[in-house]
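Below: the structure, in structure tokens.
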Amino acid sequence: MWKHCIPPSFRITKEQQSRIEDFINIGDAFIQNLAKFSRLEKYFKNNFDLLFSEQREREKQKRAREKLERFREFDMQRVKEKLEKLRAEKKKKEQEE
């Protein structure tokens, strides 16, 4: 009944109504895909952050192992030098006697 009160210039045809509904459906699908993409992006970012944090942790452990190895090598070098020095002193004492 109210349709009869709308002036003809404001009325839409069934074809126009169909096109509007199609446009709305496309918009709804776009919004759903955008929401899905947003969730996937968040999931990807979280996994990416986790991967980088694990990689940083591995690099940190690797640096710590390398540092420990350098300290061990340095200590071994010092021990060898002390041994050589002690042997030289012992040899010197033996020659003096």
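The values are calculated or read from the model by the stated rules, or taken from the named source; none is laboratory data. Source: prediction; values computed, not measured. We place every Cβ from the backbone using ideal geometry, glycine too, and count neighbours over all the protein chains shown.
For the residues Asn25, Asn47, the requirement of being modelled with pLDDT of 90 or more, of a type in the set (S, T, N, Q), surrounded by 10 or more Cβ atoms within 10 Å (Cβ to Cβ) and more than 18 Å from the chain's Cα centre (by Cα) singles out Asn25.
Kindly evaluate Lys90 against the criterion of being basic (Lys, Arg), out of contact with any helix residue (DSSP H, G or I) (no Cβ under 7 Å at 6 or more places or on another chain), part of a helix (DSSP H, G or I) and at pLDDT 90 or above. For Lys90, the condition - basic (Lys, Arg), out of contact with any helix residue (DSSP H, G or I) (no Cβ under 7 Å at 6 or more places or on another chain), part of a helix (DSSP H, G or I) and at pLDDT 90 or above - is not met.
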